[in-house]
Every structure is written in C-alpha cells, then in structure tokens.
Amino acid sequence: MRFGTKLIHNGNEIDKQTGALSIPIYQVSTYHQEDVDKPQEYDYSRSGNPTRKAIEDAIAGLEGGVKGFGFSSGMAATSSVLSIFSAGDHIIICEDVYGGTYRIATNFFSRFNLEVSFADASNPGEIKKHIKENTRALFLETPSNPLLKITDIGGAVKLAREHGLTVIIDNTFMSPYLQRPIELGADIVIHSATKFIGGHSDVIGGLVVVNSHELARKVYAVQNGFGAVLGPQDSWLLLRGLKTLKVRMDYQQQSAQKLAEFLCSHGRVKKVYYPGLEGHEGRDIHFSQASGAGAVLSFELEDGEAVRGFLNKITTAAVAVSLGGVETIVSYPAKMSHASMPPSERQRLGISDGLVRVSAGLEDVEDLIDDFKKAL
Amino acid sequence: MKDGDGKKLNIETRLVHGCKGFDPHTGAVSFPIYQSATFRHPGLYQTTGYDYSRLQNPTREELENTVACLEDGKYCFAFASGMAAVSTVLSLFAPGDHIIVSDDLYGGTYRIFEEIYKKYGMEFSYIDTSKTGEVEKYIKSNTAAVFIETPSNPMMKVTDIAFAAGLARSKNILTIVDNTFLTPYFQKPLGLGADIVIHSGTKFLGGHNDTLVGFIVVNDDSLSERLKLIQKSEGAVLAPFDSWLILRGIKTLGVRLQRQQENALKIAHWLKQHKNVEDVYYAGLPGHEGYSISKRQSSGFGSMISFAVKNTAMVEKVLEKVKVIIFAESLGGVESLITYPIVQTHSAIPVEMREKLGVNEKLLRLSVGIEAVEDIICDLEQALE
C-alpha cells in the first residue's frame, strides 16, 4: 500500500461495531469494568482512550514504528520524550532547534541535572566532538528551524550506534509523507502535530513514535504518569487532518518552490533558505533521505526595519506563529519562534533580525507571489 | 434503562444514565460521538443498523432514546433546532387542516404558522387554551390538532393538559404540547393524554446556552412512522457532536432545575413586593391563575418569570443596568437571562394580539439561572431603582 492510500486506510477508517466511516469520538474519562478480575483494554482515558489509540496507531503505521503516543502539544511530546532520561545524562541537540525546545532543555530539564550541549548537527564531526561518557541521545531537526539546515540522518544514526546513543528526530517540517526517520535508523520521532499533520491551524497536538518495545514502555510510563495526553476531540481532528496530508503537502510544497524561486530573483532579498533550491547546503543529503523539500522556507531582508515593512504590507498571508496549516503564515523568528533564544546565540546561528520564515499554504501561488511582490 | 429487577428507574437516575448507560463495546461511561456521515455495510443486503447518518446515527439514537425514556414515550426524534421540530410536526398535516393554537405562544412558532404553513392552505385559530371550554368552541369539522404551550410564553398561562387532550381525543383530534418550559423533569404530557410532545431542547434540556436542538416525542406507532419519514426525507437532523452535548446537559437537568426553580420562587416573591413592579407572572405563586392546575399536572413550576414594570421608560434602564443577568434571547440555561418580548421573542406577533394578552411595552421576561439568588436579587434591585 502506498503512502497516500495508507493515509486513508490505516486500520482506523472503519468503526468495527457500526461500520461508521469515521472513528467515534470517545469523549470519556472512565470505563465500566465488567469483571474486576479481568482487566479490559480501557480503564481510564489518561491510560488509554479508543479515539486517541486510533491516531496513535495511525502515526505509528505511517512512520514505520512500533508504537505511537498522542500528547496535548508538540512541546508535551518533546518534554515527555526528554523525561525518559535521568539526572546526569547528557543529550546533544542540534543548535538551531525550535526555540521552545531550546527553552525547555536549558531552563527546565537543566534543573533536573539533565545535561545538554548544542552542536551544529549538519556537520557530523561537530556532533562527535560533543559526545561524552554520559551522552545518551542525539536530538535532531532536519531540515532545521528556521534555517532549513540539513542533517544526515543515516550518518548521525551510524555515529550514535557506535556510542550507544538514542536518536530522536523532530520530523515536524517533513511529516512522514516526505521523510521517515525510523526507516533510516532513528529510534524516536517527534511531531508537533499542530503543524502539517493537523494541517488546519485548529488543533494543538504532539505525537511520538518509537521503534522498539523497550522505548515504548519508557514513553508510555511518562505519558501515563505525567499525563500530558491528547484529548479525544483533538485526536479525532488530527485523524481527520491526516487524511488530506498528502494532497495538502503536494500543493504546499509546489507553492513553496515557486515562492522560493521568486524570492531568489527579487532584488531586496539577500538570501533564501529552502532545500528545493539548487545550491542549498545539504540539498543532496536531503533528497537522499526525504522525498520532497517541504513547504517551509526562510529568506533574509536587509534588516529588522525591512522586515517590519514587509509584515505590515502583506495581506494574503497571516502574520503569526506556527506553520503547516492551509493558510500561508509568515513569521518573524527573532521575535516569535526563536525569541526565547539569547540574541547572541541567534546571531551566531544566523537567525538575523532580517530573517522571515514562510509556511506556504493552499492559496493560489500567483496570489501569494503578487502579494509578496507588493509587500517587498 | 431499568434496574436489575426490570423496574423503571427514577427520573434522576434516568437523567444521569441515559438509555444505554454506557458504551457496551468499551465500557466508556460517556457515549461515543459518532462523527461519521456513512457506515460500511458488512455485505449486500446487510446493515449494522446504521447506513447513513441522516437516517440514523448512534449518538443521535442514544439521545433520542434517552429523551423518549424521560418523557415516558416510545419514540423520539431529534432535530437541528426547536423550530425544525415544530415544522416537522406541522408537516404531518395537509392543506385544509385546521389547528387550534394557544394564543400566548413563542413568536417563532406563530411566524412559521402564519408565514409558511398558511401558504400551504392550513388554518390556525389562536385562542386562550387555559380557559376551560374555550377549545371546544373553536373545534370545526376540519380541526386536526390542538397545539398547546403550558406554561405559555411569556404570560405563564397554564392549560389543563388532561382536559384538553380528553376533549381532543373524543373528536379524533391530536393534542400537541410544547413542553420546553417544564421539561419531563417537571411535566410529562404524554401521560396526561397528549399525542405529541415538542421541545426546544436548546433551553433546559441542553441547559448551557451552547447548542440548538429540537425534539418530538410520541407513543403511537403510526405517528412515529410518519415522523420518521419526514425526519429522514427533510433531513433537519441533529449532528452527532450536538447530540453528545445535549446528552451531557441532560445529566444535570434535575439539579439545575431544582436550583433554578428555588431561585425563581424567591425572585418572584421579591418582585411581587417591589414598588416599581406592577405585575408578576409565575406559575409558582399561589395567587397565579394556573397555580392549582400546575400543582395537579406538574411536579414543579419551572424558572420562567415575566413581570411588568410600572412604566415603559424603566424598561430600557433595567436592560442597561443589569450586570449579573444577561440581556439576551433564549432561556433555560445556567445563566440568568432577561428579554424584552415585544422586540425580541414576540416581535412576530401582531400588536393587537400582544396587547390582548398583556405582552406589552412594560413586560420583561426573566429566565432564572443557577447563580446565587442573592446576587440576582441584588442585581434586579439596583436595576429597578
């Protein structure tokens, strides 16, 4: 079964009892037990809920993993995965990681003595330099946010295996349609399902997929213990969003490519970051591990002043945080997604005050280009 | 739902447990929301009992069965709004049919009769059904139904359901009762002889001012067949999520109504002695015209009060000054709402008819919520100053 079919037919398309073509929303907290001596599949919705199970099974199947987990946000998913480690453990995180992940790793988990280093993961030698005796995991985003830097997943996995590290990949930008890290050897995949998987800017959700029963046991213990679970209604909305993932992604990616090419040719744009462009660093690696360039791109204007002018004039796109929805969203990393990173750190990474991030939506790309032209 | 011995359970228990009580497949104590348009057939000529959600949907079915059980009826149909339910009942009749209607009734019902069904050749007489003997005077050879609201909206007139239904039955006329104001928790018209019960479930049954819904409940098999045909053909059905929200609302119907009624009684007494209030209409006041019939046919008086202020100029001030009470249409929710019938709920009713009933420019209608009664009274006090 090809991917596009799997989105529709993933084992959850039909309710076994009634034949309903949409899985029921089990908006329930607890379950009647027929016999106290015979445990049933469900007893309490934090521990398990039939609607949540449907999205968990669906994402596990799509990512090619052993088990999936639904969380109440992408950050709840990331936090829960980081919670499988212990005090004294060391984790290497790619340096231009999402600002929220940066914040929780440095401000929250550091209090519990989880040690964190940030490395330029697009350079395998850099990762290796940071590996220490107590290093337990690599946490990578590829393409990264917001500079679309590419990390060689296969290379990172090889290195990790040599040192017994768990490889965690945030696959939000690509979705399993374009990139399946577990097939490339990664151990854990994280999604902010709020983005492309939900796709309609109407649900906050996080998903985790693991490649072994041992990891499944650990993540489940945190999910059930910590309890940052995804609600039934939101689980159902994600299942609904998932059905159109491919058609949305195909179109959004095409528009992103055209938009990127247009921006390249524009006099006021200093640089465009998009893996679909010839000359984008790591492009060959990207296309060896992913089947598309995705729908997120960034570009650089002269300075913060130019960005403000652009954001004030743009009309078709929403100026907002988040990405991956049917609406085109432009955001300003320095003030939005990466505001929690110290300015010096941002500058060092190249997240300048002139950088704008674009998530291409489903609007007609000609309208988007016209609008960008005017706003620039 | 019955207990282990097959005995019919008390209404408070039925409210909480609904019809099935829990989802038999998973044990889930909250019925699942079947947000599905269609259902796969196991094979040719085979069905799971569900084919397409306009015809039936498991979540809607659980709600329909629950409301039927609460009303002591056999069949219930859920619609997208109270007016969709009224309209469906009217579709049972044919051109040339004559219907006798309580003259003090919700403006939307009056509008659909006059502006829509009249065009199809149906006839309506609006009379004071609360006066014994009045109904009989208007019965003609083509009279097909009596449509009663009791207590009526907004004058809280009480019609003797058993008497009207007995008379109608003897002449082969259907009795339709809009039970929105009291709900089955306080009044069960089918048991008093009515043939059809209608609800705007948006009000007390839902109870949270967040969902629109209408119900029709009947006992008769052939009426049910005809209603089912209209429901599935016209398709004004209630959506699964809304069905679930109403099931959720029904669980607290008893506790909400108890509190609302308690509050309403205190407020009615308080209003009665206020110098700026001319009249108070509440079925629970012993001096109210319909008090004794209410005592006989209902187990409660509800929480709807209308009152007339001393002069018209006060109305605008009251509506401006209320803070706890919200100036909005609708009723029955946990929040206290106040409305001005002549410009809101009853604007569709002709002036002469309104004047005759007492629905005038001094009348305000109050739906009492579950807030602390002291706060509501305090709010009214400062607003009536």
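Quick notes
- When the stretch B:11-54 is filtered for residues that are surrounded by fewer than 14 Cβ atoms within 10 Å (Cβ to Cβ), small (Gly, Ala, Ser) and more than 8 Å from every other protein chain (Cβ to nearest Cβ), only B:43 remains.
- Answer residue from the stretch B:121-144, given it is in contact (Cβ under 8 Å) with a residue 40 or more places away in the chain and surrounded by 15 or more Cβ atoms within 10 Å (Cβ to Cβ) and is nearest to residue B:92 (Cα to Cα) among those: B:144
- In the set A:34, A:63, A:95, only one residue is among the acidic types (Asp, Glu) and modelled with pLDDT of 95 or more; that residue is A:63.
- Which listed residue is crowded, with 16+ Cβ neighbours inside 10 Å and touching a His at 6+ places or on another chain (Cβ under 6 Å), from B:290, B:302, B:369, B:333: B:333
- Exactly one residue out of B:294, B:243, B:330 is more than 14 Å from chain A (Cβ to nearest Cβ) and either touching a strand residue (DSSP E or B) at 6+ places or on another chain (Cβ under 8 Å) or closer than 21 Å to residue B:66 by Cα (or both): that is B:330.
- Wholly within the stretch B:303-385, helices (runs of 4 or more DSSP H) carrying at least 1 residues that are more than 28 Å from residue B:115 (Cα to Cα): B:312-321, B:373-384
- Filter result for residue B:362 (touching a helix residue (DSSP H, G or I) at 6+ places or on another chain (Cβ under 6 Å) and of a type in the set (Lys, Arg)): yes
- The residues listed here are B:80, B:68; of these, the one that is surrounded by fewer than 19 Cβ atoms within 10 Å (Cβ to Cβ) and more than 8 Å from chain A (Cβ to nearest Cβ) is B:80.
- Number of positions in the stretch A:1-34 that are in contact (Cβ under 8 Å) with a residue 12 or more places away in the chain and either among the small types (Gly, Ala, Ser) or farther than 23 Å from residue B:41 by Cα (or both): 9
- Against the conditions (1) more than 7 Å from chain B (Cβ to nearest Cβ); (2) in a loop (DSSP other than H, G, I, E, B); (3) surrounded by fewer than 17 Cβ atoms within 10 Å (Cβ to Cβ), residue A:23 satisfies every one except (3).
- Criterion: surrounded by 17 or more Cβ atoms within 10 Å (Cβ to Cβ), out of contact with any Phe, Trp or Tyr (no Cβ under 8 Å at 6 or more places or on another chain) and touching a residue at least 24 places away in the same chain (Cβ under 8 Å) - qualifying residue of A:191, A:213: A:191
- Within the set B:254, B:235, the sole residue that is of a type in the set (Gly, Ala, Ser) and in contact with a Leu (Cβ under 7 Å, 6 or more places away or on another chain) turns out to be B:254.
- Conditions (1) buried (at least 18 other Cβ atoms within 10 Å of the Cβ); (2) within 14 Å of chain B (Cβ to nearest Cβ); (3) at pLDDT below 95; number of the one not met by residue A:44: (1)
- From the options A:169, A:127, A:150, residue that is outside any loop (DSSP other than H, G, I, E, B), buried (at least 21 other Cβ atoms within 10 Å of the Cβ) and under 17 Å from the mean Cα position of the chain (by Cα): A:169
The values are calculated or read from the model by the stated rules, or taken from the named source; none is laboratory data. No experiment lies behind these values; they were computed from the predicted model shown. Glycine also receives a Cβ, built like all others from the backbone with ideal geometry; neighbour counts cover every protein chain displayed.
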